1. So Ser143 clears everything in (1) open to solvent by 60 Å² or more (accessible area, probe 1.4 Å); (2) under 18 Å from Val89 (Cα atoms) except one condition, right? Which one?
2. Could you tell me whether any residue of segment 89-105 is in contact (Cβ under 8 Å) with a residue 60 or more places away in the chain, closer than 17 Å to Ile145 by Cα and not charged (D, E, K, R)?
3. Report whether or not Glu138 is closer than 21 Å to Thr38 by Cα and open to solvent by 10 Å² or more (accessible area, probe 1.4 Å).
4. Can you tell me which condition Gly113 does not meet? The list is (1) out of contact with any Phe, Trp or Tyr (no Cβ under 7 Å at 6 or more places or on another chain); (2) open to solvent by 60 Å² or more (accessible area, probe 1.4 Å), and all the others hold.
5. Output the residue which, of all residues in segment 15-38 that are closer than 21 Å to Glu61 by Cα and of a type in the set (A, V, I, L, M), is surrounded by the most Cβ atoms within 10 Å (Cβ to Cβ).
6. Condition check: open to solvent by 30 Å² or more (accessible area, probe 1.4 Å), in contact with a Pro (Cβ under 9 Å, 6 or more places away or on another chain) and either in a loop (DSSP other than H, G, I, E, B) or without any contact (Cβ under 8 Å) to a residue 60 or more places away in the chain (or both). Does Ser12 satisfy that?
7. Among the candidates Asn43, Asn50, Asn62, Asn56, which residue alone is on the phi < 0 side of the Ramachandran plot and either in a loop (DSSP other than H, G, I, E, B) or at pLDDT 95 or above (or both)?
8. Could you check, for segment 76-83, whether at least one of its residues is open to solvent by 60 Å² or more (accessible area, probe 1.4 Å) and under 28 Å from Ile128 (Cα atoms)?
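The values are calculated or read from the model by the stated rules, or taken from the named source; none is laboratory data. Keep in mind that this is a model prediction, so the values were computed, not measured. Counting neighbours? That spans all protein chains shown, and the Cβs are built from the backbone with ideal geometry, glycine included. Note: accessible area is taken over every heavy atom of the protein model, side chains too, but ligands, DNA and RNA are not part of it. Shrake-Rupley method; radii C 1.70, N 1.55, O 1.52, S 1.80 Å.
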Amino acid sequence: FIKVKNADLAMSQVLALFAPPPPIFKTNIHTTATIDETAQIGNNVKIGANCYVGPNVTIGENTILYSNVTVLDECTIGKNTTIWSGAVVRERCDIGNDCIIHPNATIGADGFGFRPDPEKGLVKIPQIGNVIIGNNVEIGANSCIDRGKFSSTVIGDGCKIDNLVQIGHNSKLGRFCIMAGHSGLAGSVTLEDGVVIGGSASIKDHTTIGAGATVGAGSGVTCDVPAGKVVLGYPA
């Protein structure tokens with residue numbers, strides 16, 4: 001027996017020793033990748049087949065883009081970040097260092113903004129902001145983070161986002177937040193540091209969840225939640 005203070009953390013170190021190697025790149029830049037001449041590509045960056053990197057994009061050293069990744073104009077991606085196949089990073093978005101973006105995630109799609117007009121029906125409100133993602137963030141497969149209406153949707157350092165999560169425009173996550181699968185934030189939600197959102201939970205727009213609070217799975221939050229509280233139910 002090997003006694004440790006935290007078995008889960010110790011096991012993570014052991015599993016890393018047995019993890020299979022990542023997919024192999026025969027060349028750092030695949031011949032089918034399209035990279036604009038104005039893009040700045042750092043040392044040892046790997047870009048896979050059929051990727052697109054647009055004008056004035058900056059990609060930091062040791063970052064990996066697997067096949068079919070799209071990074072549009074004026075985006076910045078930091079060092080040691082991995083973006084898996086099919087992910088899309090739309091224009092003017094920023095991703096930090098040591099992040100993992102899983103397959104088919106979408107960063108920076110338009111926020112859901114429409115207003116009724118008696119003559120035109122539903123009029124689209126332009127979404128002119130962006131998304132800013134901090135360092136050491138993980139975004140699950142098929143998750144969507146919408147760009148801000150005027151400013152930025154912000155994902156703080158160390159946040160972990162599961163698969164199939166929706167984060168609405170102008171929402172702001174502090175550090176080390178967790179959102180489990182199928183959960184969603186409406187527009188302009190604030191999660192302070194260390195908030196945990198259970199699977200399939202829904203958070204109303206313009207709501208603040210205080211630091212260290214937990215929202216149970218399947219809950220519907222319709223008002224602010226104080227720091228450190230645990231809430232459950234519909235309404236929570």
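1. Condition not satisfied by Ser143: (1).
2. The initial filter retains those residues of segment 89-105 that are in contact (Cβ under 8 Å) with a residue 60 or more places away in the chain, namely 96, 102.
Adding the requirement that they be closer than 17 Å to Ile145 by Cα leaves 96, 102.
If we keep only those that are not charged (D, E, K, R) too, we end up with 96, 102.
Yes, because at least one residue in segment 89-105 is in contact (Cβ under 8 Å) with a residue 60 or more places away in the chain, closer than 17 Å to Ile145 by Cα and not charged (D, E, K, R).
3. Working: closer than 21 Å to Thr38 by Cα: no; open to solvent by 10 Å² or more (accessible area, probe 1.4 Å): yes.
In short, no.
4. Exception for Gly113: condition (2).
5. Ala33
6. Numbers: open to solvent by 30 Å² or more (accessible area, probe 1.4 Å): yes; in contact with a Pro (Cβ under 9 Å, 6 or more places away or on another chain): no; either in a loop (DSSP other than H, G, I, E, B) or without any contact (Cβ under 8 Å) to a residue 60 or more places away in the chain (or both): yes.
So Ser12 does not fit the description; no.
7. Asn43
8. Yes: one or more hits.
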